[in-house]
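Notes for the one structure printed next.
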């Protein structure tokens, strides 16, 4: 595994009740890319309505990969570091808009088409 550093910068977006994580990757002193992940509660709506039929199940926190701009040779290791970070904070699902180049860990990511 290539040795890269990952810095994480969280931001809270109140109107969407989401935490946005900006990831910056570097190797030694060279910047190799960045990524942005949105995390929110599954099924969150910005409408202020109460559903009387809603059950009291705990909703799952999910993530969505919004942007990934990392040098091609570091994409896999960068996504592995992001996924490990998400696991540490309790996020088990990460949705991506297109399939990342992770042939051996596809089951961890849910591809939205």
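With respect to being modelled with pLDDT of 90 or more and surrounded by 14 or more Cβ atoms within 10 Å (Cβ to Cβ), residue 21 fits the description. Scanning segment 1-18 for residues that are modelled with pLDDT under 95, surrounded by 10 or more Cβ atoms within 10 Å (Cβ to Cβ) and farther than 17 Å from residue 75 by Cα returns 13, 16, 17, 18.
Of the strands (runs of 3 or more DSSP E) lying entirely inside segment 46-112, those containing at least 2 residues that are at pLDDT 90 or above are 61-70.
The values are calculated or read from the model by the stated rules, or taken from the named source; none is laboratory data. Computed from a predicted structure; not experimentally measured. All Cβ positions, even for glycine, are placed from backbone atoms using ideal geometry, and neighbour counts span all protein chains on display.
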